[in-house]
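The values are calculated or read from the model by the stated rules, or taken from the named source; none is laboratory data. This structure is a prediction, so every number in the text was calculated from the model and none was measured. Cβ atoms come from the backbone with ideal geometry, glycine included; neighbour counts cover every protein chain shown. With ligands, DNA and RNA removed, areas are computed over all heavy atoms of the protein, side chains included. Shrake-Rupley method; radii C 1.70, N 1.55, O 1.52, S 1.80 Å.
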Amino acid sequence: MKLYATAVAALGLLCATGVGVAASAGGAAASSATVREHPAHDNAADRHAGRILHLHNRERAQLGLPMLQWSPQLAREARDWGHTLARKGRLEHASASMRSGTGENLWMGTANAWPVDTMVGMFIDEKRHYRHGRFPEISRTGQWADVAHYTQVIWRDTQEVGCAVVTDRGWDVLVCRYYPAGNVWGRMAY
């Protein structure tokens, strides 16, 4: 029963948050699916990086979309925001000025109770409501927020992703940042 209550709480937080990503210009996407090492890359903090990148790119590959590159800079920014959210104990998107043209997906649940596949999987599971069209007319439910995590994952013009799973104050918080941001009004995801 505890796991069920935790699942409902995590899902509720995920769905209640919605996605308020900024519009951005697109660009040519990269094709490699590797995590590139960088001198400032923090392997301990990003131990989930390869798996998160794989889950994103697996979904994109199913649609024939260009693969995302891992961005250590976006991952550091995601980690910093994740700590802020864990301390607050609630999800809220960083302001557009704090994100500098990046999109953002958020997830929160009880600490150490969730595999990263489930966290990212909740973004991808929104595809069951996805309807191909121009944003925001993209959801079979009539509510674009019901699919906005998924559409950010599959947004064709997005080239880079950086995520972090932060455990703090009894919470696991997943923050993913995307550059350039998806969910651009009047445009199609792919």
For the range 46-72, what are the residues that are charged (D, E, K, R) and in a helix (DSSP H, G or I)? Arg51, Arg58, Glu59, Arg60
Take the conditions open to solvent by 40 Å² or more (accessible area, probe 1.4 Å) and among the aromatic types (Phe, Trp, Tyr) and apply them to Trp81. Does it pass? no
Which of (1) touching a His at 6+ places or on another chain (Cβ under 8 Å); (2) at pLDDT below 95 does Ser100 not meet, given it meets every other one? (1)
Please verify whether Ala86 is small (Gly, Ala, Ser), touching a helix residue (DSSP H, G or I) at 6+ places or on another chain (Cβ under 8 Å), modelled with pLDDT of 50 or more and outside any loop (DSSP other than H, G, I, E, B), treating the condition exactly as stated. no
Can you say whether Arg60 is at pLDDT 95 or above, among the basic types (Lys, Arg), within 14 Å of the chain's Cα centre (by Cα) and open to solvent by less than 20 Å² (accessible area, probe 1.4 Å), as far as the supplied structure shows? yes
Looking at the structure I just gave you, is Arg156 over 19 Å from Arg187 (Cα atoms) and charged (D, E, K, R)? no
